[in-house]
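All remarks here apply to the structure that follows.
The values are calculated or read from the model by the stated rules, or taken from the named source; none is laboratory data. Since we're looking at a predicted model, the values are computed, not measured. Ideal geometry is used to build each Cβ from the backbone, glycine not excepted, and the neighbour counts take in all protein chains shown. Note: areas computed on protein heavy atoms with side chains; ligands, DNA, RNA excluded. Shrake-Rupley method; radii C 1.70, N 1.55, O 1.52, S 1.80 Å.
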Amino acid sequence: MLNTTQLKEYAQLTQATYAYFNSSHYRNSQALLDQIVKPGGSEQRGANFTAQEADLFTARYELLHQSADTPDDAGFSASLFRDKENGRLIVSF
């Protein structure tokens, strides 16, 4: 069973997936941080993290790849993150 901390971590991974990333964000903590603090919406395409949330997130996770919104604009995106603490790979939809 998941505990509260694990649920929060998975929720943040899912929230981060809503941001738009490109290859310059992969394995680049500062670029990832800059993107996830941007507001969401069609122009900014960020994830609405606070600065503190973004700092903690990028200290723990790195973005390995993202499959951004599909061409039909269905809104589907998925991201692959690596947990820097234990090397675990996490796919987030």
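Can you tell me the accessible area per residue over the chain, all protein chains present, probe 1.4 angstrom, in square angstrom?
Per residue, the chain has 61 Å² of solvent-accessible surface.
Where Lys and Arg each count +1 and Asp and Glu each count -1, what net charge lies around residue 83 among other residues with Cβ under 13 Å from its Cβ?
+1
Give me the net charge of residue 62's neighbourhood, meaning all other residues with Cβ under 12 Å from the Cβ of residue 62; Lys, Arg count +1, Asp, Glu -1.
Result for the local shell: +3.
Where the accessible area of the chain is counted over protein heavy atoms with a 1.4 Å probe, how much of it, in %, is carbon and sulfur?
52 percent
Given a cut-off of 23 Å, what percent of all Cα-Cα pairs of the chain lie beyond it?
For the chain, the share of Cα pairs beyond 23 Å comes to 16 percent.
Could you size up the charge dipole of the chain around its Cα centre, putting +1 on the beta carbon of Lys and Arg and -1 on that of Asp and Glu, and report it in debye to the nearest 20?
For this selection, approximately 260 debye.
Add -39500 (n - 2.57) for each DSSP H run of 4 or more in the chain, then divide by its residues: what number comes out at 222 nm, to the nearest 500 deg cm²/dmol?
-10500 deg cm²/dmol
Can you sort 26, 61, 20 by 1.4 Å-probe accessible area, starting with the largest?
20, 26, 61
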